[in-house]
Ligand code: SF4
């Protein structure tokens, strides 16, 4: 394969062989001055992902000389090690998303046979078809499950012998999801002390930006309400959303109703979800508007504790929980509770 392709798609299998053939060891990559540029490019990749996410500009460096190609191929394992040294789920998702968006842009100038072969490496049964491609319906379903817009529903696709007919740009969008899934599923890598030491300064820098970003995000989006008054269940749900972990539908429902009833506007609630990489914008907005009664006849109530327990999203009561039966009562009572004698003699066990 043309090494310049490996520089542009460094997650291809051949990239490992390319590096093996050059006899570059991990220790060389971590320490040798000759690879300083590759280490910087890897660091830059992670910074761009963190700061810009799917809006990160695609900067194609020149790939004329061997050393330029090698630098780009090496920058990818460097970025993966750095992300792994930090091992933050939010950073991992954002990094995987950014690489995937870049992959989609780069694929836009590739020919059909390369697109099919890359899809094959990602485990997709994709074939060239009349005026576009044909993708097996199981792969279509697997890689479009986060895309809830109507035009991505299987029922709305032209199907032929178990294959979905897709134009080129829609295939690239599916491949973006497949690249993201692959990268995300491989991180964090196990990293040894040498790697941690080599990336100590860069990791500290990224961690500080990450903490700052999360802090800013919390302060901006929830400025009107006090997180310290949240019951453990809602605190956990919010933390999971902000860490980009999977939150079950029941959890999303509960947190939306809770935030609504403590006074956040739809737009403010939307922003709480809005920083999740690749989230379904339309669906989230629709759900919030539906749950809060903006576009439906019902303004849904926050589930009471018994229901939260039956959903499996009550993390276990703290001392204040034992005196209430509803998460909203917790929010209302917490300031009084904190200043009462009961609070000083029976410290709260749960967060925050
Ligand atoms: S007892 Fe109620 S308020 Fe407390 S954590 Fe469980 S569901 Fe939330």
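Read the figures in this text as sums done on the coordinates, not as results from a lab. In this text the structure is predicted, and so the values were computed from the model without any measurement. Positions of Cβ are backbone-derived with ideal geometry, glycine not excepted, and every protein chain shown enters the neighbour counts.
Return the whole-Å distance between the Cα centroid of region 71-146 and the Cα centroid of region 166-217.
One Cα centre to the other: 13 Å.
Angle check, please: helix 112-121 long axis (alpha carbons) against the longest principal axis of the chain (alpha carbons), in degrees 0 to 90, nearest 10.
Result, in degrees: 60.
Based only on the alpha carbon positions, what is the Kirkwood hydrodynamic radius of region 1-94, in angstrom?
Working: mean 1/r = 0.0729 Å⁻¹.
Across region 1-94, the inverse of the average 1/r is 13.7 Å.
Among 86, 324, 313, which one moves the most in a GNM of the chain with springs linking Cα atoms closer than 10 Å?
Greatest mean-square fluctuation among the candidates belongs to 324.
Can you tell which of 252, 176, 31 shows the greatest fluctuation in a Gaussian network model of the chain with Cα springs below 10 Å?
Of the options given, 31 has the highest mean-square fluctuation.
Can you tell me how much longer the chain between residue 125 and residue 289 gets when fully stretched, taken as 0.36 nm per residue apart minus their C-alpha distance, in nm with one decimal?
Gain on stretching residue 125 to residue 289: 55.2 nm.
How do 301, 185 rank when sorted from fewest to most other Cβ atoms within 10 Å of their own Cβ?
185, 301
Set the Förster radius R0 to 22 Å, insert the Cβ-Cβ distance between residue 300 and residue 271 as r into 1/(1 + (r/R0)^6), and round the FRET efficiency to 0.05.
So, using R0 = 22 Å, E works out to roughly 0.65.
Can you put 109, 262, 183 in order, fewest other beta carbons within 10 Å first?
Least crowded to most crowded, the residues run 109, 262, 183.
So what is the 222 nm mean residue ellipticity for the chain from helices alone, if each DSSP H run of at least 4 adds -39500 (n - 2.57) and you divide by all residues, rounding to the nearest 500 deg cm²/dmol?
-18500 deg cm²/dmol
Calculate the spin-label point distance for residue 309 paired with residue 323, positioning each point 7 Å from the Cα along the beta-carbon direction, and give it in nanometres.
1.9 nm
In a GNM of the chain with a 10 Å cut-off on Cα contacts, which of 39, 22, 170 has the highest mean-square fluctuation?
Per the Cα network of the chain with a 10 Å cutoff, 22 tops the list.
What is the packing order of peptides 116-123, 305-312, 7-14, taking the mean over residues of other C-beta atoms within 10 Å and listing the highest first?
For the peptides 116-123, 305-312, 7-14, the packing ranking is 7-14, 116-123, 305-312.
Say R0 is 56 Å: what FRET efficiency, to the nearest 0.05, do residue 59 and residue 340 get from their beta-carbon distance?
My answer for the efficiency is 0.45.
Any chance you could give the angle, 0 to 90 degrees and rounded to 10, that helix 89-107 forms with the longest Cα principal axis of the chain?
Relative to the chain, helix 89-107 is tipped by roughly 40 degrees.
I'd like the orientation of helix 66-86 relative to the chain: the angle between its Cα long axis and the longest Cα principal axis, in ° from 0 to 90, rounded to 10.
Helix 66-86 sits at roughly 20 degrees to that axis.
Which three numbers, in whole Å and largest first, are the semi-axes of the equivalent ellipsoid of region 91-130 derived from its Cα gyration tensor as √(5λ)? Please report the intermediate quantities before stating the final value.
Working: eigenvalues 101, 30, 9 Å².
Whole-Å semi-axes of the equivalent ellipsoid: 23, 12, 7.
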